[in-house]
1. Yes or no: the stretch 143-157 includes at least one residue that is touching a Ser or Thr at 6+ places or on another chain (Cβ under 8 Å), within 16 Å of the ligand (Cβ to nearest atom) and more than 28 Å from CYS45 (Cβ to Cβ).
2. Considering (1) without any contact (Cβ under 8 Å) to a residue 40 or more places away in the chain; (2) within 11 Å of the ligand (Cβ to nearest atom); (3) surrounded by 24 or more Cβ atoms within 10 Å (Cβ to Cβ), say which one GLY41 fails and leave the rest.
3. What are the residues in the stretch 174-189 that are touching a helix residue (DSSP H, G or I) at 6+ places or on another chain (Cβ under 8 Å) and either surrounded by fewer than 23 Cβ atoms within 10 Å (Cβ to Cβ) or free of Cβ contacts under 8 Å to residues at least 12 places away in the same chain (or both), if any?
4. For the subset of the stretch 160-184 comprising residues that are of a type in the set (A, V, I, L, M) and touching a Pro at 6+ places or on another chain (Cβ under 9 Å), which member is nearest to the ligand (Cβ to nearest atom)?
5. Among the residues of the stretch 127-139, is any in a strand (DSSP E or B) and without any contact (Cβ under 8 Å) to a residue 40 or more places away in the chain?
6. GLN35 - would you say it is of a type outside the set (D, E, K, R), closer than 23 Å to ALA196 by Cβ, touching a Lys or Arg at 6+ places or on another chain (Cβ under 7 Å) and part of a helix (DSSP H, G or I)?
7. Just one of the numbered conditions (1) over 15 Å from VAL161 (Cα atoms); (2) among the β-branched types (Val, Ile, Thr); (3) part of a helix (DSSP H, G or I); (4) away from the ligand (no atom under 13 Å from the Cβ) is not true of VAL23; which one?
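The values are calculated or read from the model by the stated rules, or taken from the named source; none is laboratory data. Model, not experiment: these values are computed from the prediction. We place every Cβ from the backbone using ideal geometry, glycine too, and count neighbours over all the protein chains shown.
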Amino acid sequence: MPANAVIPPTHPRYRSLLEREKVVEGAKEGYVALQGLIAQGRGECFDYLIGEETQSFAMKAMEAAAAALLLAKHPVISVNGNVAALTPREVVQLAEAVPALIEVNLFYRTREREEKIAEILRRHGAVKVLGVGEDASCTIPELFSERRRVSCEGIYKADVVLVPLEDGDRTEALRRMGKTVIAIDLNPLSRTAQAASITIVDNVTRAMPKLVEAVKAMKALDRGQLAQILERYDNKKTLADALRHILKRLEQLANSLDPRNA
Ligand code: ATP
C-alpha cells in the first residue's frame, strides 16, 4: 500500500512520515540498506532541531553548490538507496540542468541494490547511470572493502561530486583526492558535514528541488561571477550559522515553555 494511503494529509507530521515510509518501502524492496533507516531517523532528529524548513545558511550553501557544479569540468551526482527513495526525480532534473553524470554509490554495495537503484533512476528519466557492476571498478585510495569502489568514468574522474547523504570516511577520502565535495546533511556535526567543501544543512527532499532551481537560475551568470560566489563562500561559517540557529531556536523554545518566564 503506498504511504500516502495510510497517513492522512492532515497529520501535523505528514511530510516527515511520508518520507519515512518511502525509505521503509525502499528497505522492503531491497535497495535501501537497514542502516539507511537509522540514517533517516538521525536526519529526522536534526530536522526537528532546525525547524523543518530550509534556513538561510542552507540557501547560501546551495548558491555556492550551484556555482561549483556549473563551473565543474566533470561533475557527478552520487546516489545511494535513501536518495533513490526520497528524491529520484530531482537527481535526474539536476543532472540534466548542470549537466552532470549520475552514479550509484553505495556504502553497502550489492549488485542487486545497484541495479534496483539504477532502474528507479531510469524510470525517472535518467539515460545513463554509472556505478553498476563492473563499471564500479576504480578504487578510492585509503578506503577498504566495497566502500572504495567507484566508476572510473564517474566519481573517480570527477572534480566536483555532489553526495546527498554520505559517510565521513568517504567524504574525507574524496577531499584528499582533491575533489570539491558538496554534501547535503541535516547534521552540522557529522564528519561528512565537517569534511565537505560545501555543506547544505537541510533535508535532501527540500534541498534537491531548490538546488535544481538555483542551477537553472545561475546558468545566466558568467564564469567570473560564478567563481566570485564560490570564492566568497566559507563552509565553516555555514556550519557555525547552522549550530547558532539550533542554539537560538532551542533557547527560544525553552523560554516559551518555562513557567518562570510567565
Ligand atoms: P558521519 O560518518 O558523516 O559522521 P553518520 O555516521 O552520522 O555520518 P550516517 O549514518 O553515515 O551518519 O549518515 C546519515 C547522515 O545523513 C546523518 O548525518 C543524517 O543527519 C543525514 N541524513 C539522513 N537523512 C537525511 C535527509 N533526509 N536529508 C538530509 N540529511 C539526512
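1. Looking for residues that are touching a Ser or Thr at 6+ places or on another chain (Cβ under 8 Å), within 16 Å of the ligand (Cβ to nearest atom) and more than 28 Å from CYS45 (Cβ to Cβ), one finds at least one in the stretch 143-157, hence yes.
2. Here GLY41 meets the rest and fails (3).
3. Looking only at the stretch 174-189, we keep the residues that are touching a helix residue (DSSP H, G or I) at 6+ places or on another chain (Cβ under 8 Å), and these are 175, 180-189.
Those that are touching a helix residue (DSSP H, G or I) at 6+ places or on another chain (Cβ under 8 Å) and either surrounded by fewer than 23 Cβ atoms within 10 Å (Cβ to Cβ) or free of Cβ contacts under 8 Å to residues at least 12 places away in the same chain (or both): ARG175, THR180, ASN187, PRO188, LEU189.
4. From the stretch 160-184, those of a type in the set (A, V, I, L, M) are 160-163, 165, 173-174, 177, 181-184; that's our starting set.
Filter once more, keeping what is touching a Pro at 6+ places or on another chain (Cβ under 9 Å): 160-162, 173, 177, 182-184.
Details: VAL160: 19, VAL161: 15, LEU162: 13, ALA173: 12, MET177: 17, ILE182: 13, ALA183: 8, ILE184: 5 Å.
The residue in question is ILE184.
5. Just the residues of the stretch 127-139 that are in a strand (DSSP E or B), to begin with: 130, 138-139.
Those left that are additionally without any contact (Cβ under 8 Å) to a residue 40 or more places away in the chain: 138-139.
The answer is yes; a qualifying residue exists.
6. In short, no.
7. VAL23 satisfies every listed condition except (4).
Every residue, every condition in (1) more than 16 Å from the ligand (Cβ to nearest atom); (2) of a type in the set (A, V, I, L, M, F, W, C); (3) modelled with pLDDT of 95 or more; (4) within 21 Å of ASP167 (Cβ to Cβ), yes or no:
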position: PRO188; (1), (2), (3), (4): no, no, yes, yes
position: ILE198; (1), (2), (3), (4): no, yes, yes, yes
position: ALA214; (1), (2), (3), (4): yes, yes, yes, no
position: ALA217; (1), (2), (3), (4): yes, yes, yes, no
position: THR238; (1), (2), (3), (4): no, no, yes, yes
position: HIS245; (1), (2), (3), (4): no, no, yes, no
position: ALA262; (1), (2), (3), (4): yes, yes, no, no
